[in-house]
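Okay, structure first, notes after.
The values are calculated or read from the model by the stated rules, or taken from the named source; none is laboratory data. Being a predicted model, the structure only gives us computed values, none of them experimental. Note that each Cβ is placed from the backbone with ideal geometry, even for glycine, and that neighbours are counted across all protein chains shown.
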């Protein structure tokens with residue numbers, strides 16, 4: 001009887017300690033992607049919250065991205081509600097015979113406020129202080145009637161963590177935007193936002209992030225190999 005009690009105690013200990021540990025040790029993979037090119041990208045106009053559609057080249061880029069990921073197992077697709085990110089994500093989802101699970105407003109691009117839609121010349125003339133600060137110390141800028149990088153990073157990281165909590169152990173495709181993606185990557189890597197410009201994001205670039213037991217690993221940053229390009 002005593003041996004039986006000891007045996008049962010060991011079994012229960014294994015169940016309550018080791019099994020949950022194995023479950024919590026699931027690795028979740030996030031494929032974080034920037035949208036394809038738009039006419040505003042070509043003209044270097046600030047898009048932010050503006051809903052600017054993909055241009056012809058952007059649609060082509062999205063199709064090349066979808067082709068490159070066609071045989072890669074993806075469990076769920078999530079997108080920013082802005083059409084340039086939504087169409088990019090939808091194009092990839094269709095090659096998997098899937099649809100977008102949901103859109104998340106927190107995945108929108110940074111809100112440039114009064115600078116939205118302005119060209120380089122226009123914003124330099126109207127908002128010289130913000131333009132200079134954005135180039136030299138981006139973390140210190142709060143755009144008039146818009147937001148700052150810390151606001152962006154907070155909502156982007158929250159959206160990321162919620163997705164991982166909702167789909168643990170899965171592979172999640174997230175279609176979003178350049179500044180949003182950079183803010184998330186900086187957060188995951190513990191990089192200060194002062195170094196924001198050191199993490200570039202090209203159109204339809206692929207970033208691969210993995211999360212296990214709350215610990216993040218960045219596997220790939222800004223890959224555009226599907227476009228036939230090598231970033232040096």
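Results, tabulated for the structure shown:
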quantity	calculated
Residue match in the stretch 82-99 (condition: under 30 Å from residue 167 (Cα atoms), in contact with a helix residue (DSSP H, G or I) (Cβ under 7 Å, 6 or more places away or on another chain) and without any contact (Cβ under 8 Å) to a residue 24 or more places away in the chain)	yes
Test: residue 158 is under 17 Å from the mean Cα position of the chain (by Cα), without any contact (Cβ under 8 Å) to a residue 40 or more places away in the chain and more than 23 Å from residue 66 (Cβ to Cβ)	no
Every residue from the stretch 39-79 that is over 26 Å from residue 161 (Cβ atoms), touching a strand residue (DSSP E or B) at 6+ places or on another chain (Cβ under 7 Å) and part of a loop (DSSP other than H, G, I, E, B)	52, 53, 55
In the stretch 220-230, residue nearest to residue 139 (Cα to Cα) [restricted to those that are in a loop (DSSP other than H, G, I, E, B) and touching a helix residue (DSSP H, G or I) at 6+ places or on another chain (Cβ under 9 Å)]	224
Answer residue from the stretch 25-39, given it is within 19 Å of residue 72 (Cα to Cα) and surrounded by 15 or more Cβ atoms within 10 Å (Cβ to Cβ) and is farthest from the chain's Cα centre (by Cα) among those	28
So residue 217, is it without any contact (Cβ under 8 Å) to a residue 12 or more places away in the chain, part of a strand (DSSP E or B), more than 22 Å from residue 51 (Cα to Cα) and under 18 Å from the mean Cα position of the chain (by Cα)	yes
Tally of residues being in contact with a strand residue (DSSP E or B) (Cβ under 9 Å, 6 or more places away or on another chain) and over 30 Å from residue 128 (Cα atoms) across the stretch 92-114	10
Count of residues meeting criterion [at pLDDT 95 or above and assigned to a helix (DSSP H, G or I)] in the stretch 1-38	0
